[in-house]
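Trainee: Sharing a structure below in structure tokens format, with a few things to ask.
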Amino acid sequence: MSPETATLTLGLALSLAQGLLALAMAAAALRMLAGPRAQDRVLGFDTFYVNAMLLVVTFGIRSGSDLYFEVALVISLLGFAGSVAFAKFLMRGEVIE
């Protein structure tokens with residue numbers, strides 16, 4: 001495979017991945033807003049932040065910058081902390097004891 005073909009293939013794959021991740025984020029946002037239960041909203045939030053992190057990673061692959069990967073790490077850490085807080089709130093009714 002020639003370098004031009006590899007670059008074109010990578011660009012097309014990244015574009016497809018970014019489009020599908022944006023679609024998945026829209027579906028997760030709909031689940032966060034529509035519910036119907038609080039557990040559905042938490043799962044929508046989990047799906048949303050994971051897709052956002054992956055979208056940032058695809059931007060990092062496309063640009064070749066390390067900054068995007070650090071932003072993806074921050075998104076994953078904050079998303080995990082938010083998920084734990086939501087789960088604790090749903091189980092006990094409070095976040096801070």
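Each value in this text was obtained by applying a stated rule to the coordinates, not by laboratory testing. What you are looking at is a predicted structure, and each value in this text was computed from that prediction instead of being measured. Backbone-built Cβ (ideal geometry, glycine too); neighbour counts: all protein chains shown.
Trainee: How would the chain be classified by its alpha-carbon gyration tensor: rounded, prolate or oblate, with rounded meaning a/c under 1.5 and the a/b versus b/c comparison settling the rest? Walk me through the numbers on the way to the answer.
Mentor: Working: a/c = 5.15, a/b = 2.12, b/c = 2.43.
It is oblate, given that a/c is not under 1.5 and a/b is not larger than b/c.
Trainee: Still on this structure, please answer the following. Please give me, ordered by residue number, the trypsin sites (Lys or Arg not before Pro) of the range 1-92 that lie in loop per DSSP and have at most 15 other Cβ atoms within 10 Å. Each step should come with its number before you reach the end.
Mentor: Numbers: sites: ARG31, ARG37, ARG41, ARG62, LYS88, ARG92; in loops: ARG37.
Loop-located and lightly packed - ARG37.
Trainee: Next up: Compute the relative contact order of the chain as a whole-number percentage, counting only Cα pairs closer than 8 Å that sit 6 or more residues apart in sequence. Provide the component values of the computation, followed by the final result.
Mentor: Details: 75 pairs, mean separation 22.1, N = 97.
It comes to 23 percent, rounded to a whole number.
Trainee: Which residues does a label at MET91 reach in the range 35-55, if reach means a backbone N under 16 Å from a point 7 Å past the Cα toward the Cβ?
Mentor: 39, 42-43
Trainee: Per-residue ellipticity at 222 nm for the chain, helices alone: DSSP H runs ≥ 4 residues times -39500 (n - 2.57), over residue total, nearest 500 deg cm²/dmol?
Mentor: Working: 3 runs with 84 residues, N = 97.
About -31000 deg cm²/dmol.
Trainee: Using only the alpha-carbon atoms, how far is helix 38-63 inclined from the longest principal axis of the chain? Give it as 0 to 90 degrees, nearest 10.
Mentor: Its long axis makes an angle of about 20 degrees.
Trainee: Round to the nearest 10 and give me the degree value, 0 to 90, for the angle of helix 67-92's Cα axis relative to the longest principal axis of the chain.
Mentor: 20 degrees
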